[in-house]
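As structure tokens, the structure follows; a few thoughts come after it.
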Amino acid sequence: MKLRRLVPVIASLSLSLGVAACEKSDDVPHIQEEANGLVAAYAAEFDEMQQRSVDLQERSAAAVERAGPRADASSRLRAANQRLGALRAEVQQAPAEIANAAKTSRDAIQAKFDQLHHTFRDGALLVRGELDEAEAFLERAEAAATAVAMGPANQEPPPAQPAQPAVAPPEPSTTQPYQPAPTPMPE
């Protein structure tokens with residue numbers, strides 16, 4: 001009697017597993033398309049970051065001419081450029097890796113998609129942070145160079161101190177402070 005109840009359950013489970021397996025194999029082209037879209041989006045972002053890095057290098061060179069070696073941000077940009085170069089190389093290799101993973105299995109293509117997503121996202125955050133740091137350094141160096149170039153005669157005067165009140169401070173008192181009279185003690 002228990003076997004009769006189990007047969008329909010087993011049959012429905014095997015049918016649902018078969019349908020789920022069919023869905024998984026159909027997902028491979030969709031996941032592959034998403035992965036290639038992800039690569040294309042990050043390729044464009046990395047191109048923008050590369051242009052920003054070039055612009056910052058030019059600003060750094062100009063700042064060095066004006067303010068000397070203290071304004072050189074190239075050491076700060078070097079780390080960003082190295083990381084950006086590695087990410088751009090991975091973008092170039094990614095389509096072939098995605099195609100190979102798609103030929104293997106759904107799990108392989110999903111794992112590749114996840115790996116690329118994390119690598120590109122984390123790398124972009126690090127590069128963006130390094131570029132922001134270099135830009136902030138350049139802004140400080142440029143501001144310092146501008147202040148030095150203005151010289152003390154051309155600089156804005158410091159803000160005036162608030163005027164002191166014309167009222168003189170109170171004179172010290174010569175009287176004794178109030179002291180209560182002693183209270184008589186009962187005898």
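What follows draws every value from the coordinates through simple rules; no lab data is involved. Please read all numbers here as calculations on a predicted model, not as lab measurements. FYI the Cβ positions are ideal-geometry reconstructions off the backbone, even for glycines, and counts take in every protein chain you see.
Take the Cα of His30, step 7 Å toward its Cβ, do the same at Ala89, and the gap between the two points is 3.6 nm.
Work through the residues other than Pro95 whose Cβ is under 15 Å from its Cβ and net out their charges, Lys, Arg +1 and Asp, Glu -1. Spell out each step's value before the answer.
Details: positive: Arg88, Lys103, Lys112; negative: Glu33, Glu34, Glu90, Glu97.
For residues surrounding Pro95, the net value is -1.
Taking only the alpha carbons of the stretch 25-105, we obtain Rg and Dmax values of 18.5, 62 Å in that order. Taking amide H atoms as placed 1.01 Å from N in the peptide plane, the amide H of Asp72 has no partner under 5 Å among residues 5 or more positions away or on other chains.
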